[in-house]
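Nothing in this text is a laboratory measurement; each read-out follows from the coordinates by a stated rule. The model shown is predicted, which means the values in this text are computed figures rather than measured ones.
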Amino acid sequence: MKKILFFLCFLACGSALQAQDVIQHQRGDDLHEYLLDSVKFIAKDYTAGFVKFKDGTSARGPVNISTIEQRIYFINPAGEVQILTNEDQVSYVTFSGRTFIKSKYGYVELVKSHEEGALGAVRRVTFLEAEKKGAYGSTSETTSVASVGTFFEAGNMYTLGVNQNTPYRYKVIPYLYKGDKVLMSSKRNLLKCFPDKKGFIESYLKDNPVDFENMDDMTRLFEALLKAE
């Protein structure tokens with residue numbers, strides 16, 4: 001029985017590892033260059049967009065949003081790609097019929113809306129700790145990514161070229177939106193958004209276990225909530 005359980009755990013861990021993508025690169029490389037635009041940006045291409053600022057002003061132009069930095073990139077009149085400098089003043093941005101609210105969690109896209117509250121999503125790429133491969137193929141997961149490998153010979157210091165495997169994860173994270181506030185996805189905050197639907201929410205959660213950090217689970221819950229009216 002123990003052997004069977006161990007085998008099942010091994011399969012589960014293997015599946016989790018396979019789902020995690022890895023970038024192979026040299027130390028000091030710009031990891032952005034190794035990702036597809038469809039991964040490192042919200043949209044595949046720059047799209048005509050509208051940016052609304054907190055002071056009431058606005059701007060238009062081809063825009064996109066970085067899933068790594070959670071910042072707005074735009075193409076200026078000269079055709080150059082730039083990063084928006086006054087990011088902290090952004091209220092929201094729209095493009096391709098999609099609305100993204102600026103928050104401390106990142107740019108939250110409103111995917112399911114209701115007058116009482118909305119379901120949102122942050123698309124984020126996270127780089128995990130790199131595994132280094134040394135000059136002789138040895139590996140280490142404890143060395144700092146920014147460190148420099150060196151060796152001395154005949155009184156001279158030489159720098160080793162270090163190969164690295166950096167895992168990264170692309171994740172869609174659910175959030176809730178109520179009024180002008182972005183809330184973390186939780187039962188408590190869902191009840192804040194829909195206080196009149198407490199009975200339905202309690203009943204749904206009893207029959208359907210929900211991971212509030214899972215976008216698919218939250219989408220199904222929200223759709224059921226809207227149909228319950």
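Things worth noting here:
- Cross-link pairs exceeding 31 Å in C-alpha to C-alpha distance, out of Lys44/Lys181; Lys40/Lys198; Lys54/Lys206, comprise Lys40/Lys198; Lys54/Lys206.
- Region 71-88 - phi-based ³J(HN,Hα) in whole Hz, Karplus 6.51/-1.76/1.60, Gly and Pro as x: 10, 8, 9, 9, 9, 7, x, 7, x, 9, 7, 9, 9, 4, 7, 9, 4, 5
- Values of log10 I(q)/I(0), in the order q = 0.33 Å⁻¹, for region 25-68 under a Debye, Cα-only, solvent-free model: -1.09
- Cα centroid separation - region 60-76 against region 159-229, whole Å: 25 Å
- Under 5 Å between amide hydrogens, built in the peptide plane, is the criterion, and for Val111 it picks out Leu119, Gly120, Ala121 among residues at least 5 positions away or on other chains.
- Three-way shape call for region 50-109 based on the alpha-carbon gyration tensor, with the a/c threshold at 1.5: rounded
- Residue-by-residue Karplus 3J(HN,Hα) for region 177-190, coefficients 6.51, -1.76, 1.60, Hz, glycine and proline x: 10, 10, x, 10, 10, 8, 10, 5, 6, 7, 4, 4, 6, 5
- Full-stretch length increase - Phe127, Arg220 - with 0.36 nm per residue and alpha-carbon distance subtracted: 30.6 nm
- Summarising the amide proton neighbourhood of Thr67: residues at separation of 5 or more, or on other chains, whose placed amide H is nearer than 5 Å comprise Phe41, Ile42.
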